[in-house]
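The values are calculated or read from the model by the stated rules, or taken from the named source; none is laboratory data. These figures come from a predicted structure and were not determined experimentally. As a convention, Cβ positions derive from the backbone with ideal geometry for all residues, glycine included, and neighbour counts pool all protein chains shown. With ligands, DNA and RNA removed, areas are computed over all heavy atoms of the protein, side chains included. Shrake-Rupley method; radii C 1.70, N 1.55, O 1.52, S 1.80 Å.
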Amino acid sequence: MKFAQIFAVMVKELRQMRRDRLTLGMMIGIPTLQLMLFGFAINPDVRNLPAAVADMADTAGSRALAQDMLATGVIRQVAPARTPQDIDALLDRGRIKIGVIIPHDYERRRLDGREAVQVVVDGSDTSVQATARQLAAMPLDGGSGLKTASISVLPLYNPERRSAVNIVPSLIGVILTMTMVMFTAMAIVRERERGNLELLITTPVSSAELMIGKVLPYVGVGLVQTSVVLLLGMTVFDVPVRGSLIDVYGAAMLLIVANLSLGLMVSTRAQTQFQAMQMAFFLFLPSILLSGFMFPFDGMPVAAQWIAEVLPLTHFVRLIRGVMLRGADLWALWPDALALIAFTAVMMTLAIARFRKRLD
């Protein structure tokens with residue numbers, strides 16, 4: 001074993017690494033992305049949760065209480081509400097995470113030291129439940145020495161606070177993101193490395209037909225994966241499906257085609273399968289960390305939320321939690337469904353356009 005020969009191989013690897021700009025960029029980009037995400041975007045202290053206040057008492061004391069709750073910065077009012085039914089409807093549609101109900105006899109309850117206010121929480125996100133308890137700690141006697149009235153917290157959809165109920169539905173999206181993007185990211189690259197791309201060029205198949213044909217087989221694979229996770233979640237972890245199974249599979253289908261189109265876009269840019277895997281992994285990090293799957297979406301800064309809104313997994317997490325845990329239908333959650341459709345259209349158009357350029 002000679003050091004000169006080892007040194008020569010080492011120099012060769014360094015030169016090859018320098019020529020592979022994508023790999024070099026990943027070496028710097030992935031740790032930088034992780035540092036930025038965990039340093040700035042990930043914040044377990046949730047603030048400014050979307051909320052609605054149903055003040056049925058409409059007294060000076062009840063209005064002051066509502067203002068004090070909003071002044072804490074824990075919640076922000078995003079929708080009007082007059083009755084508990086309005087609060088339930090807003091929670092079902094995912095418009096709010098917390099609803100504050102002040103009853104007609106608020107003043108009497110406060111004087112008697114009874115439960116005077118109810119805070120209704122979207123329990124499909126466990127971090128929201130912990131944050132809502134800060135509101136329950138607010139004093140209602142105003143320092144007057146009266147009997148201490150209480151604020152109760154009512155977690156809906158997951159009153160037992162079981163983590164599996166929150167994790168399993170979103171885990172469908174995480175698995176589909178990892179597999180669908182990876183499969184199609186290597187689709188075109190694999191054809192090129194095996195020498196099949198030249199054969200495909202000579203066939204009477206248009207770019208759009210080739211791309212769609214590449215995508216369709218994996219749609220079935222994605223639906224099978226969805227069924228496996230659903231079956232295990234329902235039988236092993238007792239995860240409820242309060243909405244329609246048709247809506248569950250509809251939401252999964254929207255994510256599947258969105259991720260497949262994203263993977264095709266990656267495959268038109270990568271030169272090798274290794275590069276395709278690198279680019280796919282680079283997309284996994286922000287998708288998992290910013291989507292609301294692991295960390296609360298509302299705790300992120302505004303800039304991170306804007307980035308998260310571009311990612312398909314963010315919208316799927318809202319859809320699947322709404323359908324499976326809150327019993328909503330896709331029509332009630334149409335903004336997120338429309339976002340996935342728009343993402344698919346844009347990515348597929350770009351992938352077809354880039355592939356046509358490669359054929360010219």
Of ILE6, ILE352, ILE98, ILE28, which has the most accessible area and how do the rest follow, probe 1.4 Å?
ILE28, ILE6, ILE352, ILE98
The stretch 70-120 accessible area per residue, 1.4 Å probe, protein heavy atoms, integer Å², reads 49
For LEU325, enumerate residues with amide H under 5 Å from its amide H, sequence gap 5+ or separate chain, H modeled in the peptide plane.
ARG242
If I build a Gaussian network model for the chain, linking alpha-carbon pairs within less than 10 angstrom, which residue out of ALA345, ALA303, ALA187 has the largest mean-square fluctuation?
ALA303
For the chain, with only Lys/Arg (+1) and Asp/Glu (-1) charged at the beta-carbon, what is the dipole magnitude about the Cα centre, in debye rounded to 20?
1360
For the chain, share of DSSP beta bridges that run antiparallel, in % to the nearest 5:
20
Rolling a 1.4 Å sphere over the protein heavy atoms, what is the accessible area per residue of the stretch 229-297, to the nearest Å²?
40
I want to verify the translational diffusion coefficient of the stretch 265-314 in µm²/s; compute it with Stokes-Einstein, Rh as the Kirkwood radius over Cα pairs, at 20 °C and 1.002 mPa s.
182
For the stretch 258-360, run through the chymotrypsin sites (Phe, Trp or Tyr not before Pro) and keep only the ones in DSSP coil with at most 15 other Cβ atoms within 10 Å of their Cβ.
TRP331
Please list, or write none, the aspartates and glutamates whose alpha carbon is within less than 18 Å of the alpha carbon of LYS214, excluding same-chain residues fewer than 8 places away.
GLU191, GLU193, GLU198
Using amide H atoms built 1.01 Å from N in the peptide plane, name the residues 5+ places from LYS97, or on other chains, whose amide H lies under 5 Å from its own.
ALA51
Please work out the Cα center distance from the stretch 219-238 to the stretch 90-142, rounded to the nearest Å.
35
Report HIS104's accessible area, 1.4 Å probe, all protein chains in place, as a number in Å² to the nearest 10.
140
How far is helix 334-359 tilted, in degrees, relative to the longest principal axis of the Cα atoms in the chain, given as a value from 0 to 90 rounded to the nearest 10?
10
Rounded to a whole number, what % of the accessible area of the chain do carbon and sulfur atoms account for, probe 1.4 Å?
64
Anyone know which of ALA280, ALA89, ALA132 comes out most mobile in the 10 Å Cα GNM of the chain?
ALA89
If one compares the long axis through the Cα atoms of helix 21-36 with the longest principal axis of the Cα atoms of the chain, the angle in degrees, nearest 10, works out at 10
Farthest toward the dipole's positive end in the chain, which of GLN5, ILE341, ILE102, given Cβ charges of +1 (Lys, Arg) and -1 (Asp, Glu) about the Cα centre?
GLN5
Just check the stretch 183-291 against the gyration tensor rule for me: Cα atoms, a ≥ b ≥ c as the square roots of the eigenvalues, rounded for a/c under 1.5, and otherwise prolate or oblate depending on whether a/b exceeds b/c.
prolate
antiparallel share of DSSP beta bridges within the stretch 49-189, to nearest 5, in %, is 20
Based on alpha-carbon atoms only, what is the radius of gyration of the chain relative to the globular estimate 2.2 N^0.38 Å?
1.24
